[in-house]
Amino acid sequence: MISLRNQWSIFLIALGFLTRIPIGIVDFSPEKLNKASRYFALVGALIGLLCAAVFLTAHLVLSQEIAILLSMVVGFYLTGGFHEDGLADVCDGFGGGYTKIRKLEIMKDSRVGTYGSLGLFSALLLKFLLLNELADPAIALILMHTLSRTLASSIIFSAHYASADLISKTKPLANSMSLTSLLILLISTALILALSTFVYLTISNLVILILILVVLRSILIKWFEHHLDGYTGDCLGFAQQTSELLGYLTLIILLGTPDVR
């Protein structure tokens, strides 16, 4: 029998791990930390909801472009640039390293190199442009903040943590995911997707979006294994960012833009 109090503390640990939102005193344990990924989709939905609220509020008195930029800034503040940091580290490591060990060494370096700077700048600029092309950026923010974290978290279930990275001083959040955690992750995601079909997407468009993300997930796992023989926390951040971008792009293709509707 699942204890609601226990699950609530696991959710708070997930919230504290992915964001800077204060969570107070939590009944922490390594076992709960290992289970926290089951609630990453819900944390993503919360982040998306807060970003959407900022966009809608700002758009009452400001242009859509400024409102989108403000929502992105709030997103950075909420997460501390957690996933963006992972994207930059992967770009630096994969771009500048020639061996698995060297790639990991570069990824652990707190400095951002040329590849990381270019990757981060391109991703942020593309995110702004894609959101500005959407007819309803607010709902897209909620949807893709959720789906992108579902994709990234599910990689833990299917792939294995890069063994070479275990020698580093930092430990992964989780190097495995139970079937129960995966089911909780998928069920919570499905509930949010069900709501989106009522106000934003048709079922056929939703299926297309999910299939595209599933293909991206498979490509990313193979790519991480090619470079590192597995994934790292930075890889999950890279997966979240790239899937969020691909999601916005897919929504534009499926739904069009305000100018062509």
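Numerical summary
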read-out: Positions within segment 234-245 being out of contact with any His (no Cβ under 6 Å at 6 or more places or on another chain) and either of a type in the set (A, V, I, L, M) or surrounded by fewer than 24 Cβ atoms within 10 Å (Cβ to Cβ) (or both), in sequence order; value: 236, 239, 242, 243, 245
read-out: Some residue of segment 54-76 being under 23 Å from residue 182 (Cα atoms), in contact (Cβ under 8 Å) with a residue 12 or more places away in the chain and of a type in the set (Phe, Trp, Tyr); value: no
read-out: Single residue of segment 84-100 satisfying the filter (touching a Gly at 6+ places or on another chain (Cβ under 7 Å) and buried (at least 24 other Cβ atoms within 10 Å of the Cβ)) that is farthest from residue 152 (Cα to Cα); value: 92
read-out: Residue that is out of contact with any Pro (no Cβ under 7 Å at 6 or more places or on another chain), closer than 21 Å to residue 39 by Cα and either part of a helix (DSSP H, G or I) or of a type in the set (Val, Ile, Thr) (or both), where the choices are 219, 192, 252, 208; value: 192
read-out: From the options 66, 25, residue that is assigned to a loop (DSSP other than H, G, I, E, B) and surrounded by fewer than 21 Cβ atoms within 10 Å (Cβ to Cβ); value: 25
read-out: Among residues of segment 158-185, those that are at pLDDT 85 or above and surrounded by fewer than 17 Cβ atoms within 10 Å (Cβ to Cβ), counted; value: 6
read-out: Single residue of 44, 16 found to be without any contact (Cβ under 8 Å) to a residue 12 or more places away in the chain and either under 16 Å from residue 152 (Cα atoms) or not in a loop (DSSP other than H, G, I, E, B) (or both); value: 16
read-out: Single residue of segment 1-27 satisfying the filter (touching a Ser or Thr at 6+ places or on another chain (Cβ under 8 Å) and at pLDDT below 85) that is farthest from residue 141 (Cα to Cα); value: 27
read-out: Cβ-Cβ under 7 Å pairs, at least 6 apart or on other chains, segment 101-127 side under 21 Å from residue 73 (Cβ atoms) and surrounded by fewer than 17 Cβ atoms within 10 Å (Cβ to Cβ), far side of a type in the set (Gly, Ala, Ser) and at pLDDT 90 or above; value: 112/88
read-out: Sole residue being free of Cβ contacts under 8 Å to residues at least 60 places away in the same chain, under 19 Å from residue 131 (Cβ atoms), of a type in the set (A, V, I, L, M) and surrounded by fewer than 20 Cβ atoms within 10 Å (Cβ to Cβ), chosen from 208, 219, 212; value: 212
read-out: Leading residue by the ranking (surrounded by the most Cβ atoms within 10 Å (Cβ to Cβ)) among those in segment 28-48 that are closer than 30 Å to residue 139 by Cβ and of a type in the set (Lys, Arg); value: 38
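The values are calculated or read from the model by the stated rules, or taken from the named source; none is laboratory data. What you see is a predicted model; the values in this text were computed from it and never measured. So basically every Cβ, Gly included, is an ideal-geometry build from the backbone, and we count neighbours across all protein chains shown.
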